[in-house]
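The values are calculated or read from the model by the stated rules, or taken from the named source; none is laboratory data. Predicted model, so just to flag it, every value in this text is computed and none were measured. Because the Cβ atoms are built from the backbone with ideal geometry, glycine has one as well, and the counts that use them run over all protein chains shown. Protein only, heavy atoms only, side chains kept; ligands, DNA and RNA dropped before computing areas. Shrake-Rupley method; radii C 1.70, N 1.55, O 1.52, S 1.80 Å.
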Amino acid sequence: MGRPKTKSKAQIYAETLAKLEEEGAKYEAISNKTTKTAINKLEKLGQLTAQANELEPFKDAWELSTTAKTYIKELAKENFYGYRKRIENKYLEKGLINEDEAIKALASVHQAPYVKNEERKSLTWLTGEADIVDKKAGFIIDIKNAWDISTFPAFKEDVNKKVKEAGYDWQQKGYLILWKLKKAFVCYVITDTPAELVPDFEDLDLHRMEDKHNANKRISMSDEITLSTEDVKDIKSAYKAANEYFNKCLTELKSK
């Protein structure tokens, strides 16, 4: 889950309030309220106030992205028609097969006894299963297996970009809520791809890095991901919006 790419009415409302406070301070700082500058400033304050009043009913609303709506509609179809679409691809399969190998590589670099977390935690409005949970150190690490060296984000800037684009930062924030921890990281690892997964047209050398480079050269960590009170509010709002949209889709199918 991630924030929609376009601003929601709730975001615009918050920005309008901030602007209203800023412009109000500027108006109060004008000693002579009869000047043209003061009159223009007062007019602007009126416009901002009207905009804030118009948006106030939407201050806690969350606008779902097109991608989120597509996913929810698919879930509604599965629920109504009684089927389950199985997702299979070479990238996902490699991630599952090489997960332990990736965790082992990270553990050797950090010199820590990392093991795959097998516990799934759930709240009424949230569920998740983090990859590595280090309660003693107080953080969570999510493992991502790169398909080959060309798709491996070797630079921190690229890791952070991938994390943001895929919404992995929000995934980690959800884990932080569930495990009541303070920080999380996303770790990309390049491990050798099982030969049977590599298509004939791909260069096998792109998938063979373990004998060429030490583990520390095959790992890229994101910046620290933290959780704010506003983040928790956003996640709850997103859940509420998703649940309402799911029920709306289900109602439409039932009324056909």
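Quick look at the numbers
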read-out: Ala154 touching a Ser or Thr at 6+ places or on another chain (Cβ under 9 Å), small (Gly, Ala, Ser) and not in a strand (DSSP E or B); value: yes
read-out: Hits in the range 122-151 - residues which are surrounded by 15 or more Cβ atoms within 10 Å (Cβ to Cβ), touching a strand residue (DSSP E or B) at 6+ places or on another chain (Cβ under 9 Å), assigned to a strand (DSSP E or B) and not basic (Lys, Arg); value: Gly128, Ile132, Val133, Asp134, Phe139, Ile140, Ile141, Asp142, Ile143, Asn145
read-out: Residue count, the range 102-119 (criterion: part of a helix (DSSP H, G or I) and either closer than 25 Å to Glu202 by Cα or in contact with a Leu (Cβ under 7 Å, 6 or more places away or on another chain) (or both)); value: 2
read-out: Of the criteria (1) more than 25 Å from Val159 (Cβ to Cβ); (2) free of Cβ contacts under 8 Å to residues at least 12 places away in the same chain; (3) not in a loop (DSSP other than H, G, I, E, B), which one Glu230 fails; value: (1)
read-out: Close pairs from the range 62-87: first modelled with pLDDT under 80, partner surrounded by 15 or more Cβ atoms within 10 Å (Cβ to Cβ) and not in a helix (DSSP H, G or I), Cβ under 8 Å, at least 6 apart; value: Trp62/Ser8; Glu63/Pro4; Glu63/Ser8; Leu64/Pro4; Ser65/Gly2; Ser65/Pro4
read-out: Selected residue (only one of Leu176, Leu181 is assigned to a helix (DSSP H, G or I) and modelled with pLDDT of 95 or more); value: Leu176
read-out: Residues (surrounded by 15 or more Cβ atoms within 10 Å (Cβ to Cβ) and among the basic types (Lys, Arg)) located in the range 197-236; value: Arg208, Arg218, Lys236
read-out: Matching helices (runs of 4 or more DSSP H) fully within the range 19-101 where at least 2 residues are of a type outside the set (A, V, I, L, M) and open to solvent by 90 Å² or more (accessible area, probe 1.4 Å); value: 36-55, 66-81
read-out: All positions within the range 184-216 that are part of a helix (DSSP H, G or I) and either without any contact (Cβ under 8 Å) to a residue 40 or more places away in the chain or touching an Asp or Glu at 6+ places or on another chain (Cβ under 7 Å) (or both); value: Ala195, Glu196, Leu197, Leu204, Asp205, Leu206, His207
read-out: Filter result (over 30 Å from Ala241 (Cβ atoms) and at pLDDT below 85) within the range 11-37; value: Gly24, Tyr27, Lys33
